[in-house]
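Trainee: Quick one: this structure, given as structure tokens, is what I'll be asking you about.
The values are calculated or read from the model by the stated rules, or taken from the named source; none is laboratory data. Only a predicted model underlies this, so the values are computations on that prediction, with no experimental measurement involved. Every residue, glycine among them, receives a Cβ derived from its backbone with ideal geometry; neighbour counts consider all protein chains shown. Remember, those area values only see protein heavy atoms, side chains included, never the ligands or the DNA or RNA. Shrake-Rupley method; radii C 1.70, N 1.55, O 1.52, S 1.80 Å.
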Amino acid sequence: MTFDCQLASELFDAAIDEHRWTPLLEKVAVNCGARSAAVISVNMAGDSNFQAVWSSSVMTAEVQHAYNTKFAQYEADGIPVIRDSERFSILTENDLWPNEPNLRNRPDFIGLREMMGIDHRIVARINEDRSWFNTFALQFAVGRPQASLAEKQSFAAYLPFMGQAVKLANIFTQLKARFRAVLTVLDRYAVPVFVVNQQGHIVVANKSAEVIISQENGVGRDQQGRIRLSDSDAQFQLLDAIRGACASAIGGSDQPESIFNAPRLTRDAPFCIEVSPLRDTDMELAGSFFSGALVKIYDPAYHPVIRIEAFATVYGLTTSEMSIAELLVHGAKTEEIAEIRGTSPATVSTQIKTILHKTGAQTRTDLVRRALSAHLPIVTDS
């Protein structure tokens, strides 16, 4: 079993066109020695009730419905194990249900054998934070041994690519569902987004990106039309990330995502830059196939559409912590928060540390990024 870099890059086709998931998942399954593969994505924080299941052709809509109707309850005890596992950690069924001696005779296992010819599975959590529950699973055919080390290693190699492709699909699927397109309606996505080629030339910049540029505070467009960061070290990181993402988009690299901070000209909190591979197989941009990079910029000072309530619930923030988190993601400084809440800056600093620890955020800017991931900031006409 060997990792297919070209196949990994093609997963980003499915991020924009969900009809491509089935053939791509079948290729991954074959490459890992499995009968079928499936991805499940559920938004745990937003109010959109977004849930998607993408799978190989053996798992038809009828089979999914029958399984969910008869056997879904048996999965309940295994879901928390997946949710609390390390990202990209491969779990077997014995890891999910270690205390069940007759696992193979459980009704859901019997149902899977009868309906799909599947006897055993491996699964991994691929979401970055608790706002989403995204999993990737391989299902192996009846009569064959458990997944070998080589098969698990091949599966593991695809996980970072799958995680990033699903992360993008969470955005693009909802844009397409509402507006019938993706890249041509990026203005609806209230996060600064640039679509760039390998040299960093801007092919598309949404309205939020133009706002960031107009502020002249660390992000700009040079005379050749390339994205430009004022900090030289951050610019080097950006160009390196763009080259890696563009190479991954055509199967020439194993760099599915880059995240780093970029200072601004003022002393305010830095930008958080996220760079991902992008493949426009729907030919929305130029009437022909395009491969490049998607650059997202998270700015604590600019996010016209952001909600914190569900995000706070997912991470178990107290009412007081939620109020402070809401002020944080809207750009308030420690002293401002202390004045608003009638307490000392030292107390607020302690509460901020607790909020960052609970949410897994490294910085205030990272808190903004995670909050915007939890509740996708899609602008509607209303």
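Trainee: Along each principal axis of its Cα atoms, how long is the range 315-356 end to end? Whole angstroms, biggest number first, please.
Mentor: 25, 19, 15
Trainee: Moving to a separate point now. How are the C-alpha pair distances of the range 101-233 spread across 10 Å bins, as whole percents from the shortest bin up?
Mentor: In whole percents, the pair-distance histogram is 10, 24, 25, 18, 12, 8, 1.
Trainee: Relative to 2.2 N^0.38 Å, what does the C-alpha radius of gyration of the range 175-241 come to as a ratio? Two decimals please.
Mentor: Here the answer is 1.18, to two decimals.
Trainee: Could you rank the peptides 333-339, 274-280 by their average count of other C-beta atoms within 10 Å per residue, with the highest value first?
Mentor: Descending packing order for the listed peptides: 274-280, 333-339.
Trainee: Per 0.36 nm of contour for each residue apart, how much would the distance between residue 97 and residue 197 grow if the chain were fully extended, relative to their Cα-Cα spacing?
Mentor: Taking 0.36 nm per residue and subtracting the Cα distance, the gain is 31.4 nm.
Trainee: Under a plain spin-label model, where a point goes 7 Å from the Cα along Cα-to-Cβ, how far apart in nm are residue 6 and residue 146?
Mentor: 3.5 nm
Trainee: Order 238-249, 113-124 from most to least packed using the mean count of other Cβ atoms within 10 Å.
Mentor: Per-residue mean Cβ counts within 10 Å order the peptides as 238-249, 113-124.
Trainee: Beyond 12 Å, what percent of the Cα pairs of the range 337-382 remain?
Mentor: Tail fraction, whole percent: 68.
Trainee: Report, largest value first, the span of the C-alpha coordinates of the chain along each principal axis, in whole Å.
Mentor: Result for the chain: principal-axis Cα extents of 64, 52, 41 Å.
Trainee: Using only C-alpha atoms and all pairs of different ones, pull out the Kirkwood radius for the range 229-362 in Å with one decimal.
Mentor: This gives a value of 17.3 Å.
Trainee: Sort 257, 86, 309 from largest to smallest accessible area, using a 1.4 Å probe on the heavy atoms of the protein chains.
Mentor: Solvent-accessible surface, decreasing: 86, 309, 257.
Trainee: May I pose another question? Could you give the length gained by full extension between residue 363 and residue 230, i.e. 0.36 nm per residue of separation minus their alpha carbon distance, to one decimal place?
Mentor: 45.8 nm
Trainee: Which value results when the Cα radius of gyration for the range 12-134 is divided by 2.2 N^0.38 Å?
Mentor: 1.07
Trainee: Check the straight Cα-Cα distances from residue 353 and name the lysines below 22 Å, setting aside those fewer than 8 residues away within the same chain.
Mentor: 333
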